[in-house]
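*Asks:* Encoded as structure tokens, here's the structure I'll be asking about.
The values are calculated or read from the model by the stated rules, or taken from the named source; none is laboratory data. Values in this document were obtained by computation on a predicted structure and should not be read as measured data. Heads up, the Cβs are rebuilt from the backbone with ideal geometry, glycines too, and the neighbour counts pull from every protein chain shown. Note: accessible area is taken over every heavy atom of the protein model, side chains too, but ligands, DNA and RNA are not part of it. Shrake-Rupley method; radii C 1.70, N 1.55, O 1.52, S 1.80 Å.
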Amino acid sequence: MSESKRILVKGNEALAMGAIKAGCLFYFGYPITPQNEVPEYMSRVLPGLGGQYVQAESELASINMVMGASSLGVRSMTSSSSPGISLMQEGLSYLAGQELPAVVINVVRCGPGLGGIAASQGDYFQAVKGGGHGDYRLIVLAPASVQEMYDHTIAAFHLADRYRNPTMVLADGVLGQMQEPIVECDDVQPEPRKPWALTGAKNRPMRYLKSLYLKDGELEAHNRMLQEKYREIEKHEVRCDELLTEDAELVVAAFGTAARIARTAVSMARDKGLKVGLFRPVTLFPFPKRELKALSERVKKILVVEMNTGQMVEDVRLNVSREADVSFYGRPGGGIPTPNEILEKIEDSFS
Amino acid sequence: MKTVFSKPAALNDAVMHYCPGCSHGVAHRLVAEALDHYDLTERSVGVAPVGCAVLMYDYFNCDIMEAPHGRAPALATGMKRSRPDLVIFTYQGDGDLASIGLSEIVHCANRGENVTVIFVNNTVYGMTGGQMAPTTLLGQQTTTSPYGRNFNTDGYPIRIAEMLSTLEGPSFVGRMALDTPGNILKARKMVFKAFHMQVREMGFSFVELLATCPTNWGLNPSDSIKRIKEELVPYFPLGVFKEREAD
Ligand SMILES: Cc1ncc(C[n+]2csc(CCOP(=O)(O)OP(=O)(O)O)c2C)c(N)n1
Ligand code: SF4
């Protein structure tokens, strides 16, 4: 193995580097804070790699440009932040309906509305429950470090291609803006063949991609097939992290930036002799239901911490055993929970 | 015996779903003839709109992608940028292109994307049952302008071809009517020219076709054809608005 080199980069740059490492040469996007380093990086680097950067006129256009490129079988990506992601919901629904792979990055800021540019986790519902119209799911990955911004972007391309499904990396402004050292990956899986892609009908019958199903029962069958695919994803792609959960009486459940902060609170609690662990969903869809259920049978209490008013906590409540007691601590609107605040909540639970 | 007329190879044998007297059939044929003429079917991808032509993939014998309402020019941009060797065309109605998709068409044209757009202007929303479109003429009754389009409340009909011709990006912008055999032949020439522009990598090309919608106009097919000449052409003049010469 070659000596791996550590380089210091910003989270947003790591997203862009991961995409390029995965072989994505086509980026379409529209500026919005706090993710502008992604389009800036892409516009600088892609032309030299024989790729294309297009600054779209809107997020509506960018997601549709991604859809166009994806329909021809190439890897393409867009990135945005909350209000821009709202505009992409139409395209995401169509991508899901037409079973097209695409990678969408959401560096979440706080809302609703124009809200503010500070980090938030207020888009959990939108990412995980649908957002656009119809019965569909995105695969959603939640990084918690700059290294994971890079790794998860690469993984997002593989997952998108493997399941022919749009995949979202759900980060936030803190992860996008902070700098950390990362190690670049040097063995990326090859891109699979895409026998469904539109490539011009040379030596084969014409082909089309659509999401319109008008004949009786056709759409129902299509939707059942999509749901079966989502069950496959739930079977094979769940990822989560557990820290100090073996003997824990209380577990803090959090994702992304909130999980990073919670980790500090957990070690502060351990220093005080409290048996506390951390449960971190890495995939938000598929949600680690079985892992959480098993954990909830062992621990008495679960404290969910989020940078919103309580979104993932609903999935936690749905998936714990009856006995476990679930509480919530959240900071919305750009507020970031401090380790001390979380520690205080942990201590309250023990008293 | 000498064959003097046949179905273009770029058209499939599909059962016609368009209404009797609808111009979509003629417009399809013109596009198919252009694909045949330049031998493009094996390297073309068409982008279908939302509107009566949404079932385009039944008719055209080339790869087809379905776009959300109005977004076809954005899809076409993503396609052409990633596979410039393919010939990419969109086929859109006036509701699709001039209303919800106005931003996409203007910016695609302005970037001079090397794609071809066929714009079928029948002055109404056909598929959804004849509501007012941005191109609906003043005084024209539709299901959502039951007293006739009134500029005080509904604005004026938009002349898309003229608007796009003010941009630097397009290589060709023209408008023709699908009413008389003579005009259909001229429309055919424009459609050919639009595809030829793309093949020569001259940038964005655009043809607006004034079309009938007998069903939603409440007219029989022959009166619909008359209406094109009497009412549409005076407001939407025919001709070439922009043509870039090869250098
Ligand atoms: C986002 C969205 N809004 C509205 C519709 C409903 N819709 C379907 S077709 C159409 C109008 C199409 O009219 P036009 O483009 O003029 O095509 P025509 O049917 O006349 O050929 C509308 C409004 C839709 N499919 N999607
Ligand atoms: S509704 Fe109008 S545009 Fe649609 S097929 Fe019928 S005549 Fe043609």
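*Asks:* Calculate the dipole size of the stretch A:95-207 relative to its Cα centre from +1 charges on Lys and Arg beta carbons and -1 charges on Asp and Glu beta carbons; express the result in debye to the nearest 20.
*Replies:* That gives a dipole near 800 debye.
*Asks:* Taking 8 Å as the Cα distance limit and 6 or more residues as the minimum spacing, I'd like the relative contact order of the stretch A:124-257 as a percentage.
*Replies:* So the answer I get is 27 percent.
*Asks:* Still on this structure: Rounded to the nearest 20 debye, what is the charge dipole size of the protein assembly as shown about its Cα centre when +1 sits on each Lys and Arg Cβ and -1 on each Asp and Glu Cβ?
*Replies:* The calculated dipole for the protein assembly as shown is roughly 940 debye.
*Asks:* Considering only protein heavy atoms and a probe of 1.4 Å, how much of the accessible area of chain A is carbon and sulfur, as a whole percent?
*Replies:* 50 percent
*Asks:* Another question about this same structure. Take every residue in peptide A:17-26, count the Cβ atoms of other chains within 10 Å of its Cβ, and give the average of those counts.
*Replies:* So the per-residue partner count for this stretch is 1.
*Asks:* Take the solvent-accessible surface of the protein heavy atoms, probe 1.4 Å, and return the percent of it on the stretch B:156-247 that carbon and sulfur atoms account for.
*Replies:* Exposed carbon and sulfur together represent 55 percent of the surface.
*Asks:* Turning to a different aspect of this structure: Tally the DSSP beta bridges in the stretch B:87-156 and give the antiparallel ones as a percent, rounded to 5. Let's see the in-between values first.
*Replies:* Numbers: 3 of 9 bridges.
Bridges in the stretch B:87-156 that DSSP calls antiparallel: roughly 35 percent.
*Asks:* When the expected Rg is taken as 2.2 N^0.38 Å, what fraction or multiple of it is the alpha-carbon Rg of chain A?
*Replies:* Cα Rg divided by the expected 2.2 N^0.38 Å: 1.01.
*Asks:* Give, ordered by residue number, each residue of the stretch B:67-81 whose 1.4 Å probe accessible area is reduced by a minimum of 30 Å² on adding the remaining protein chains to the chain alone.
*Replies:* B:P68, B:R71, B:A74, B:L75, B:G78, B:M79, B:R81
*Asks:* So what is the relative contact order of chain A, in percent, for Cα pairs below 8 Å that sit 6 or more residues apart? Don't skip to the answer; put the middle values down first.
*Replies:* Values: 743 pairs, mean separation 61.0, N = 351.
Relative CO of chain A lands at 17 percent.
*Asks:* Calculated from DSSP H runs of 4 or more alone, at -39500 (n - 2.57) each and per residue, what is the 222 nm mean residue ellipticity of the protein assembly as shown, nearest 500?
*Replies:* Per the formula, -10500 deg cm²/dmol.
*Asks:* Here's something else I'd like to know. What's the average, rounded to a whole number, of partner chain beta-carbon atoms within 10 Å of each residue's beta-carbon in B:110-118?
*Replies:* 1
*Asks:* Okay, next question. Go through B:G182, B:G148, B:W217 and say which Cα lies farthest out towards the positive end of the charge dipole of the stretch B:143-239; charges sit on Cβ, +1 for Lys and Arg, -1 for Asp and Glu.
*Replies:* Positive-most Cα among the choices belongs to B:G182.
*Asks:* Cα atoms only, the stretch A:239-351: Rg and Dmax in Å?
*Replies:* Spelled out, the Cα radius of gyration and Dmax of the stretch A:239-351 are 12.5, 35 Å.
*Asks:* Place a +1 charge on the Cβ of each Lys and Arg in chain A and a -1 charge on the Cβ of each Asp and Glu, then give the dipole magnitude about the Cα centre in debye, rounded to the nearest 20. Before the final figure, lay out each step's value.
*Replies:* Values: 39 positive and 43 negative charges, 159 e Å.
Dipole magnitude for chain A comes out near 760 debye.
*Asks:* Do any trypsin sites (Lys or Arg not before Pro) in the stretch A:22-117 lie in a DSSP loop with no more than 10 other beta carbon atoms within 10 Å, and if so, which?
*Replies:* Sparse-neighbourhood loop trypsin sites (Lys or Arg not before Pro): none present.
*Asks:* If Lys and Arg each add +1 and Asp and Glu each add -1, what is the summed charge of the other residues whose beta carbon sits under 14 Å from the beta carbon of A:L170?
*Replies:* 0
*Asks:* Let me ask something else. How many Å² of accessible area per residue for chain A, probe 1.4 Å? Numbers along the way, then the final one.
*Replies:* Values: 14100 Å² over 351 residues.
The answer is 40 Å² per residue.
*Asks:* Kirkwood Rh over Cα pairs of the stretch B:73-183 into Stokes-Einstein at 37 °C, 0.692 mPa s: D in µm²/s?
*Replies:* Values: Rh = 15.1 Å.
Estimated via Stokes-Einstein, D reaches 217 µm²/s.
*Asks:* Considering Cα pairs under 8 angstrom that are at least six residues apart, work out the relative contact order of the stretch B:61-172 and quote it in whole percent.
*Replies:* 22 percent
*Asks:* Packing-wise, with mean Cβ within 10 Å as the measure, how do A:291-297, B:13-19, A:116-122, A:333-339 rank, highest first?
*Replies:* With the highest mean Cβ count within 10 Å placed first, the list reads A:116-122, A:291-297, A:333-339, B:13-19.
*Asks:* Which whole-number value in Å² is the accessible area per residue of chain B, probe 1.4 Å?
*Replies:* 40 Å²
*Asks:* Find the Rg to Rh ratio for the stretch A:90-201, where Rh is the Kirkwood radius over alpha-carbon pairs and Rg uses the same atoms.
*Replies:* 1.01
*Asks:* Using a 10 Å cut-off around each Cβ of peptide B:58-64, what is the average number of partner chain Cβ atoms that fall inside? Display every interim value, and only then the final one.
*Replies:* Values: counts 1, 0, 3, 3, 6, 14, 8.
For this peptide, the per-residue mean of nearby foreign Cβ atoms is 5.
*Asks:* Let me ask something additional. Take every DSSP beta bridge with both residues inside the protein assembly as shown and express the antiparallel ones as a percent of the total, to the nearest 5.
*Replies:* 25 percent
*Asks:* Using a 1.4 Å probe on protein heavy atoms only, how many Å² of accessible area do A and B hide from each other, summed over both chains and rounded to 100?
*Replies:* The contact between B and A buries close to 2700 Å².
*Asks:* Count the net charge of all other residues whose Cβ sits under 13 Å from the Cβ of B:A9, scoring Lys and Arg as +1 and Asp and Glu as -1.
*Replies:* Every neighbour counted, the sum reads -3.
*Asks:* How big is D for chain B, in µm² s⁻¹ as a whole number, if Stokes-Einstein is applied with the Kirkwood radius of its Cα pairs at 4 °C and 1.567 mPa s?
*Replies:* Values: Rh = 17.8 Å.
Once the numbers are plugged in, D ends up at 73 µm²/s.
*Asks:* If you wrap a convex hull around the Cα atoms of the protein assembly as shown, how much volume per residue is inside, in Å³?
*Replies:* 182 Å³
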